[in-house]
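Student: Would you mind keeping the following structure in view while I ask a few things?
Nothing in this text is a laboratory measurement; each read-out follows from the coordinates by a stated rule. All values derive from a computational prediction rather than experimental measurement. Here Cβ is always computed from backbone atoms with ideal geometry, including for glycine, and neighbour counts include all displayed protein chains.
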Amino acid sequence: MKLYSYWRSTTSYRVRIALHLKGVAYETVAVDLVAGVQASDDYAALNPIKGVPTLITDEGHVITQSMAILDYLDHLVPNPALLPRDDLTLRAQVLAAAMVFATDVHPVNNLKVVKKVRGLSDEATGIAWMQDWMRQGFAAFDALIARDTPFSFGDTPSLADICLVAQAYNAHRWGVDLSPYPRLQGIEARCLALPAFQAAKPEHQKDSTS
Ligand SMILES: N[C@@H](CCC(=O)N[C@@H](CS)C(=O)NCC(=O)O)C(=O)O
C-alpha cells in the first residue's frame with residue numbers, strides 16, 4: 001500500500017500506528033504540509049479536502065479520511081481488532097472516545113484553521129486556541145474511558161488509544177501539560193513501549209526534520 005503522510009500530522013500518525021499494529025506493509029509518500037503540497041492540483045485530485053493521510057490500497061483504490069482508513073484496515077486485517085466486535089455498547093464507547101480527538105479537537109486545531117486564527121489575531125492566540133481545545137478534549141477523553149485497564153478500554157490498544165497517542169504528540173509539541181491526567185500519561189507510555197507505536201512515531205519518519 002501507499003500512504004500519503006506528513007511526519008507531524010496526527011491524522012497520519014493514527015494510520016501509521018494501525019498499519020504497524022496490523023503488520024501491513026506500506027510505502028510512505030511524504031506530503032510537505034508546511035510547503036503547502038496538500039493544496040497542489042495533483043494531491044487535491046487524490047484528496048479533495050486537501051489533507052493527509054490518503055491511502056492507496058494494493059488494488060489501487062484511493063481512501064481518504066483517517067477514520068475511514070482505520071475502519072478499512074480494521075476490516076481488511078481483523079486482528080488485532082481496533083474496535084470490539086461482539087459488545088456493541090463497548091464498541092460505541094470506544095468509538096466515542098476516539099471521536100473526541102477525531103471530530104471535536106482535530107478539526108478546530110488543523111493547520112488551515114489555526115492559520116486563520118493567527119491571521120485574525122497573533123501567534124500566541126493561535127497557540128492558546130490549540131491548547132484550550134486540547135485540554136477540553138483530554139478532560140473529556142479521561143472521563144469517557146474505562147478506569148482500571150492497561151489501555152483505554154482493555155488489555156490491548158484500541159482505536160481510542162491510537163487517537164490518544166497521536167493527540168498527545170501534539171500536546172507535547174504545543175506545551176499542553178498532561179500531568180492532570182495521570183491515567184492518560186500511563187496509557188500513552190504503555191502504547192509507546194510497543195514496537196508498532198514506536199515505528200509510527202513522527203520522529204521516526206523519513207520526512208522528519210527533528
Ligand atoms: N478529517 C481528516 C483531516 C485531514 C487533515 O486535514 N489532516 C491535516 C494534518 S493532521 C492536514 O493535512 N492539514 C492540512 C492543512 O490544514 O492545510 C482526516 O482525519 O483524515
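Student: Which residues, counting only those in the range 20-53, are among the aliphatic types (A, V, I, L, M) and within 14 Å of the ligand (Cβ to nearest atom)?
Tutor: Across the range 20-53, the qualifying residues are 29, 30, 31, 33, 34, 35, 37, 39, 44, 46, 49, 52.
Student: Can you tell me which of 59, 27 is in contact with a strand residue (DSSP E or B) (Cβ under 6 Å, 6 or more places away or on another chain) and not polar (S, T, N, Q)?
Tutor: Criteria check complete, one pass: 27.
Student: Cβ contacts < 8 Å: first residue free of Cβ contacts under 8 Å to residues at least 60 places away in the same chain and over 17 Å from residue 13 (Cβ atoms), restricted to the range 97-126; second residue surrounded by fewer than 23 Cβ atoms within 10 Å (Cβ to Cβ) and among the polar types (S, T, N, Q), any location; separation 6+ or different chain. Result?
Tutor: Pairs found: 104/136; 117/125; 118/125.
Student: For the range 160-210, what are the residues that are over 20 Å from residue 15 (Cβ atoms) and among the basic types (Lys, Arg)?
Tutor: 183, 190
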